[in-house]
Amino acid sequence: MKKVLILLSLVLLMGCMKDDDILSPIDNVVEVPESLTIDDLQGIKVESTIVTDEVKMNIKLPYTGTYRVKIRDISKELISQEKLEANEGDNILKVYVSSLENDGYTLELTNDNHEVIGITSIVVNN
Amino acid sequence: MKKILTLLVSVFCTLSVFGQTDSKLDYSRVNTVTQVGDTLIVKLQYFEGKDANDVATAPTLYQFDFQYNNKLLNKISATWQPSSTSAQKAINSWNGYKFAIHDTKEQTDFDGQYISWLAGDASYSSNADWSVERVTFQDTDELETGQEFVKYEFIIKDKFNTNYSDYSDILNANWANYKLSDGTQLGVTGQSTLANLGSIEGGDAGDVTITLESNVITNNIGDGTDYSYYIYAKGDNQVVLADGTFDASGQATITGLENDIEYDIYVTIDDSKEYLDNAVTVSDLALVFAEAIGAGSSPNGISTTFDYYLQSVLANVVGDPISSGGDINFDDSYEILAYLQGVTSPTTSYITKTGGVYNISGIKETFGDVVNDIATWSPTFKPTDSNKSFNVVHVLNGDVNFSHGFEPTSNNADIPTSAQSVSTNRVAMAVGAKYQDEQANLDLTSELKDGQVIFTIGSDVEEMIGAQFNIVYDRTRLVLDDVVFDTGNTMTNFSNHIEGDGKINIGSFDQNFEATVKTGTPYKLIFTPTVELQNTSGLITFKVNEGVKADGTSIKFIME
């Protein structure tokens, strides 16, 4: 009888909880500033096109997995590449530009097979 | 009978007219002029005519006008030549006028033009380019035929910034008024203009355009503003006549030079440019090792692996002075290897790097031409009226594959195939095919793993006997902890860490051209972050990604 009462109590307690508390994993709650909001289902966006030292970027992904952020120079030559594990949805990260020469670059988001998901551009002004 | 008389009178008059000859006003140059600034001397002479009875006419008044182009001639003096003390003489001058002839008469009908001028049918009108001289000489006795009136001296002016392209239209007579003592007007003729002075050298060359060529500009490694030029008189290297920098495209417009004068131009590159650290790489090392191994003697001797004589100069990084070229041996190749390894050499070397540049420049057309078995380059150019554009090229010592310089285009710069070594595969390569872009299965990535930033170079490229990667990292956020090589047991690995600049050059090379770089992950750099990081984008960049294949071909890797 005692076991039945405990079980009933647990069911009652769970009934008082919000649905979100049960369904959403805490990891995926990302606060996205308006400047980094991406309306599409996937893509890449930076907080500011002109960058000094560092800039926030949002990479919005279709699913959790391994992705690449590539930096290409004016001739589209690859000059920097990060490989990272990222979650489905918005991921607020940074681009560090201290070691880049003042110039224009493109930021390219691809999956691990180099298929392009999104492109944007930055101008480094250190 | 009246008709017969009239006819006879007409025939007589006709015969009489046919017997007359006009006097002459002659003008000619006394000396030969060849340069702007030379003094031109012009003499004006009287030649007698004949009357109807074939008797020499004897004028006592000699008056004429002539005009000269004041944009091309600067009058400095006029000197009377007759010695008569009884003569009355006058010279009048007007600037800014030109004579408009009476076009129903010949221009050389000088007495006719005089009469027309008096009648208003010929006139003077304003013209800033011309000046008029009026010479009047009157005496009791006539002049002897051939007598000079006046000698004029003019300085030849530069035609630069004038409307004239040559010296063909500089002086001509307008009219002449010779009279006998009884007032009879005499016929006067002469030539239409002073003879063309021909080719006059010198003078302001105006805008002279120099175009610089180098792979630094062509391949957007830098631009023309990274280069400066210095111009000297030929053979001098002390007094700079003109200097400046090129524009971004590599052009410079130089003023203040003179036509037909030879000058020497020297071009230097700004030695603070960081890309100069990428000028000498494993690709150059491979060329120099191949030469040291394969040639066995200088490029000037029995055989060579080089394509151009100039490479024997660029590869000669220790020993003889740069300009002497000389034998390429293991001293040179190991010096470059030591440089790539970051080993400070006790010997003086001529390897170009940031802060240490060895410039060679010259006129493109003859750049690298072989003379007496040595590559040469000429700094000399000469602006002329017909040529005011010159191409100058630039290379850097140690940059044997011309990655940051100009690859010679003169046929006389090529080493003939017959002189190339048969001991290496390079002999099979076409001239100029030292560099090839190749899509390569290389994967250079940075990752954040267990609190460290790991930079890995993954490679599936086979048959690479050398490779080099010049890497720049964010030294404000990263500290280099370790470099891990997994290239194979027999490869010579190198890493040159320039901590203060946040740079590290890593690579491998087999100087026997036999062992190859292992595929997989031959290179790994491990960094510790000095700040909290969420990811690594932009922290590590790579500018030079080169490989050398076993056949000696240098490859610039193009990555996905």
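Of all residues in segment A:107-121, those satisfying the criterion of being hydrophobic (A, V, I, L, M, F, W, C) and touching a residue at least 40 places away in the same chain (Cβ under 8 Å) are A:107, A:109, A:117, A:119.
Please determine, by comparing only the residues of segment A:95-104 that are at the interface with chain B (Cβ under 9 Å from one of its Cβ atoms) and not in a loop (DSSP other than H, G, I, E, B), which one is nearest to the chain's Cα centre (by Cα). Step by step, filter segment A:95-104, then rank; the result is A:95.
Screening segment B:81-102 for residues that are touching a residue at least 60 places away in the same chain (Cβ under 8 Å) and more than 47 Å from the chain's Cα centre (by Cα) and picking the one that is nearest to residue B:27 (Cα to Cα) gives B:81. When residue B:259 is tested against (1) surrounded by 24 or more Cβ atoms within 10 Å (Cβ to Cβ); (2) modelled with pLDDT of 90 or more; (3) out of contact with any Pro (no Cβ under 8 Å at 6 or more places or on another chain), only condition (3) is not met. Candidates B:555, B:526, B:540: the one that is closer than 24 Å to residue B:220 by Cα and modelled with pLDDT of 95 or more is B:540. Applying the set (1) facing chain B (nearest Cβ under 9 Å); (2) outside any loop (DSSP other than H, G, I, E, B); (3) β-branched (Val, Ile, Thr); (4) closer than 30 Å to residue B:501 by Cβ to residue A:92 leaves exactly one unmet item: (4).
Are there strands (runs of 3 or more DSSP E) fully within segment B:455-515 with at least 1 residues that are more than 45 Å from the chain's Cα centre (by Cα)? List them.
On the way: elements: B:464-473, B:478-485, B:492-498, B:503-509.
Where strands (runs of 3 or more DSSP E) fall fully within segment B:455-515 and carry at least 1 residues being more than 45 Å from the chain's Cα centre (by Cα), they are B:478-485, B:492-498.
Select from segment B:472-502 the residues that are in contact with a Phe, Trp or Tyr (Cβ under 6 Å, 6 or more places away or on another chain) and at pLDDT below 95 and list them in ascending order. Selection gives B:492, B:493, B:502. Return yes when residue A:117 is more than 13 Å from chain B (Cβ to nearest Cβ), within 13 Å of the chain's Cα centre (by Cα) and assigned to a strand (DSSP E or B) and no when it is not. Yes: the conditions hold for residue A:117. Condition check: in contact with a helix residue (DSSP H, G or I) (Cβ under 9 Å, 6 or more places away or on another chain), basic (Lys, Arg) and at pLDDT 90 or above. Does residue B:234 satisfy that? Criteria not met by residue B:234.
Any residue at all in segment A:75-88 that is in contact with a Leu (Cβ under 7 Å, 6 or more places away or on another chain), part of a strand (DSSP E or B), within 12 Å of another protein chain (Cβ to nearest Cβ) and in contact (Cβ under 8 Å) with a residue 40 or more places away in the chain? No, the conditions are met nowhere in segment A:75-88. Looking across segment B:531-551, the residues that are within 12 Å of chain A (Cβ to nearest Cβ) and either outside any strand (DSSP E or B) or closer than 20 Å to residue B:491 by Cα (or both) come down to B:531, B:532, B:533, B:534, B:535, B:536, B:537, B:538, B:539, B:544, B:545. In the set B:166, B:129, only one residue is in the same structural domain as residue B:70 (by TED's automatic domain parsing) and in a strand (DSSP E or B); that residue is B:129. Taking residues in segment B:477-491 that are within 14 Å of chain A (Cβ to nearest Cβ), and partners anywhere that are at pLDDT below 95 and assigned to a strand (DSSP E or B), the pairs with Cβ atoms closer than 8 Å and at least 6 places apart or on different chains are B:480/B:497; B:480/B:504.
Which one is modelled with the highest pLDDT among residues in segment B:432-441 that are within 44 Å of the chain's Cα centre (by Cα) and within 13 Å of chain A (Cβ to nearest Cβ)? Ranking the qualifying residues of segment B:432-441, first place goes to B:440.
Summed over segment B:112-155, the residues that are free of Cβ contacts under 8 Å to residues at least 12 places away in the same chain and on the phi > 0 side of the Ramachandran plot give a count of 1. Against the definition (in the same structural domain as residue B:40 (by TED's automatic domain parsing) and either part of a loop (DSSP other than H, G, I, E, B) or touching a Gly at 6+ places or on another chain (Cβ under 9 Å) (or both)), how does residue B:84 come out, yes or no? In short, yes. Inclusion of residue A:44 among residues that are surrounded by 20 or more Cβ atoms within 10 Å (Cβ to Cβ), at the interface with another protein chain (Cβ under 8 Å from one of its Cβ atoms), assigned to a strand (DSSP E or B) and touching a residue at least 12 places away in the same chain (Cβ under 8 Å) is not warranted.
Anything in segment B:516-530 that is part of a strand (DSSP E or B) and either surrounded by 17 or more Cβ atoms within 10 Å (Cβ to Cβ) or aliphatic (A, V, I, L, M) (or both)? List them, or say none.
B:522, B:523, B:525, B:526, B:527
Note on segment B:103-158: residues that are within 46 Å of the chain's Cα centre (by Cα) and of a type in the set (S, T, N, Q) amount to 6.
Within segment B:106-128, the set of residues being farther than 17 Å from residue B:25 by Cα, surrounded by 16 or more Cβ atoms within 10 Å (Cβ to Cβ) and not hydroxyl-bearing (Ser, Thr, Tyr) comprises B:117, B:121, B:122, B:127. Criterion applied to B:207, B:223, B:182 was being of a type outside the set (S, T, N, Q) and free of Cβ contacts under 8 Å to residues at least 12 places away in the same chain, and the one residue passing it is B:182. Taking the residues in segment A:59-74 that are closer than 28 Å to residue B:221 by Cβ and not aliphatic (A, V, I, L, M) as candidates, determine which candidate is nearest to the other protein chains (Cβ to nearest Cβ). Restricting to residues being closer than 28 Å to residue B:221 by Cβ and not aliphatic (A, V, I, L, M), the top hit is A:68. Does residue A:55 satisfy being in contact (Cβ under 8 Å) with a residue 24 or more places away in the chain, facing chain B (nearest Cβ under 10 Å) and not small (Gly, Ala, Ser)? For residue A:55, the condition - in contact (Cβ under 8 Å) with a residue 24 or more places away in the chain, facing chain B (nearest Cβ under 10 Å) and not small (Gly, Ala, Ser) - is met. Could you tell me which numbered condition residue B:556 fails, if it satisfies all but one of (1) within 8 Å of chain A (Cβ to nearest Cβ); (2) in a strand (DSSP E or B)? Failing condition for residue B:556: (1). Just one of the listed residues (B:373, B:332, B:385) is crowded, with 16+ Cβ neighbours inside 10 Å, among the acidic types (Asp, Glu) and in contact (Cβ under 8 Å) with a residue 60 or more places away in the chain, namely B:385.
The values are calculated or read from the model by the stated rules, or taken from the named source; none is laboratory data. What you see is a predicted model, and the numbers here were worked out from it, not measured in a lab. Positions of Cβ are backbone-derived with ideal geometry, glycine not excepted, and every protein chain shown enters the neighbour counts.
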